[in-house]
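Structure first, then comments.
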Amino acid sequence: MPVLSPPAKILVTGANGYVGCWAVRALLDKGYCVRAVVRTEDKARALSALIKAKHPSATVGQFDCAVIPDIIAPGCPLQADAIEAVLHDIQGIVHTATPVTFDLEDPEEYIRPAVEGTLGILRSAAKYPEIKRIVITSSIGAVAESIVEESRIYTDEDFNEVAVEAVKRLGKAASGMQKYNAIKVLAEKARQRTLTLAQPIPDDPPSPEGFVTPSAIMEWTQLFVSPPPSPHPAVPFNYIDIRDVVEMHVRALELPEAGGERFIATSHVCTWQDWYDAAADMNLLPGLRRLHPPRSPEQRGATELPPHPVFSNEKAIRKLDMVFKTVPETLRALVDDFGARGWLKHLE
């Protein structure tokens with residue numbers, strides 16, 4: 001199947017989002033040219049300023065922004081003419097744009113634009129034979145619910161039909177998470193490729209209070225705030241470093257084996273206590289150890305976790321040759337990043 005390599009030009013939708021922004025930066029780092037699609041002029045200016053600061057060698061020909069206000073606006077179909085206007089010199093697409101909210105009322109108002117947004121991108125791209133690859137970002141919620149009756153392994157062949165059936169049955173009364181997951185399932189089934197979750201921050205907020213992405217907010221409040229959060233039960237989650245997520249996007253563009261495939265981006269199952277233990281084991285900051293005392297080896301081995309889904313990364317390792325980062329690597333990157341910004345002085 002056709003593959004891409006630098007300096008091919010890649011269109012990235014949702015480019016100001018967490019995954020989208022990291023994808024833009026990773027592609028530029030690897031020598032690709034990028035056209036970033038955002039929804040407002042303000043977002044275009046902010047993203048352009050960020051890229052100029054983080055990638056000063058990027059020329060006008062290597063990076064530009066396009067504004068398409070209603071590419072997936074709730075209740076509004078994809079503006080095909082607008083999207084086709086930015087595809088004339090594109091060889092690949094990374095489609096990350098989708099409605100992201102758990103405060104949903106009528107699920108149809110979000111399902112329609114998510115599905116039509118994906119299909120519209122594909123219909124438009126089909127008119128341009130020079131476009132060789134399209135990578136579509138989904139969510140782990142499209143594979144399985146986060147709460148299950150028994151632990152089991154989920155693969156790229158699984159879909160979260162539980163959420164879809166719940167939305168069909170309950171409609172507006174379904175939970176926000178069920179509606180969101182159902183949206184991701186239906187959008188993926190329209191045409192599928194890739195999956196995600198995440199870690200460090202791609203932009204320059206003035207302080208942790210400026211975080212807008214759930215993962216960054218959770219990392220800050222769980223790891224670095226003083227006093228620490230109240231102790232809670234060992235809740236397991238499938239973890240992935242954002243740098244591995246975007247590396248999978250790039251390899252999905254470049255490798256013949258990735259064509260037509262669906263991949264799960266995940267490293268391993270862990271709890272926040274595993275992060276606390278890793279911080280203590282690595283002696284990262286004295287204040288971290290005081291905030292989060294480590295468990296003894298006996299306590300670590302005796303921890304019983306409630307039922308939880310385990311997502312398989314076997315195909316990503318086998319076909320994309322991925323080597324996933326572990327908690328200590330991500331934690332070290334977080335401490336280095338936040339420390340360089342002067343946010344961790346209270347823990348030194």
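The values are calculated or read from the model by the stated rules, or taken from the named source; none is laboratory data. If you're wondering where the values come from, they're calculated on a predicted model, not measured in any experiment. Glycine also receives a Cβ, built like all others from the backbone with ideal geometry; neighbour counts cover every protein chain displayed. Calculation scope for accessible area: heavy atoms of the full protein, side chains included, ligands and nucleic acids excluded. Shrake-Rupley method; radii C 1.70, N 1.55, O 1.52, S 1.80 Å.
With protein chains left intact and a 1.4 Å probe, residues in the chain average 46 Å² of accessible area per residue. Exceeding 28 Å between C-alpha atoms, which entries from my cross-link table qualify? They are Lys168/Lys315; Lys30/Lys319; Lys30/Lys345; Lys43/Lys168. Result: Lys168/Lys315; Lys30/Lys345; Lys43/Lys168 exceed 28 Å. For Ala97, the residues whose amide H sits under 5 Å from its own are Thr13, Gly14, ignoring neighbours fewer than 5 places away on the same chain, with H placed 1.01 Å from N. On a C-alpha basis, how far is the centre of the range 257-319 from the centre of the range 121-159 in Å? Whole number, if you could? One Cα centre to the other: 23 Å.
Surface composition of the chain: carbon and sulfur atoms hold 55% of the protein heavy-atom accessible area at a 1.4 Å probe. Relative to the longest principal axis of the Cα atoms of the chain, the long axis of helix 327-340 lies at roughly 80 degrees. Solvent-accessible area of Asp321, all protein chains in place: 110 Å² (probe radius 1.4 Å, heavy atoms, ligands and nucleic acids excluded).
Gain on full extension, evaluated as 0.36 nm per residue between Ala46 and Lys319 minus their Cα-Cα distance, stands at 94.7 nm. Note on the chain: Kirkwood radius taken over Cα pairs, Stokes-Einstein applied at 25 °C and 0.890 mPa s, translational D equal to 116 µm² s⁻¹. Relative to the dominant Cα principal axis of the chain, helix 242-254 is inclined by about 30°. Put simply, the C-alpha atoms of the range 204-348 give a gyration tensor, and the ellipsoid matching it has half-axes of 29, 20, 13 Å, longest first. Given +1 at the Cβ of Lys and Arg, -1 at the Cβ of Asp and Glu and no other charges, the dipole of the range 4-43 around its Cα centre is 100 debye to the nearest 20. With unit charges on the beta carbons (Lys and Arg positive, Asp and Glu negative) and the dipole taken about the Cα centre of the chain, which residue among Thr213, Ala163, His268 sits farthest to the positive side? Looking along the dipole axis, the top candidate is Thr213. With contributions of -39500 (n - 2.57) from each DSSP H run of at least four residues, the per-residue ellipticity at 222 nm computed over the chain stands at -12000 deg cm²/dmol.
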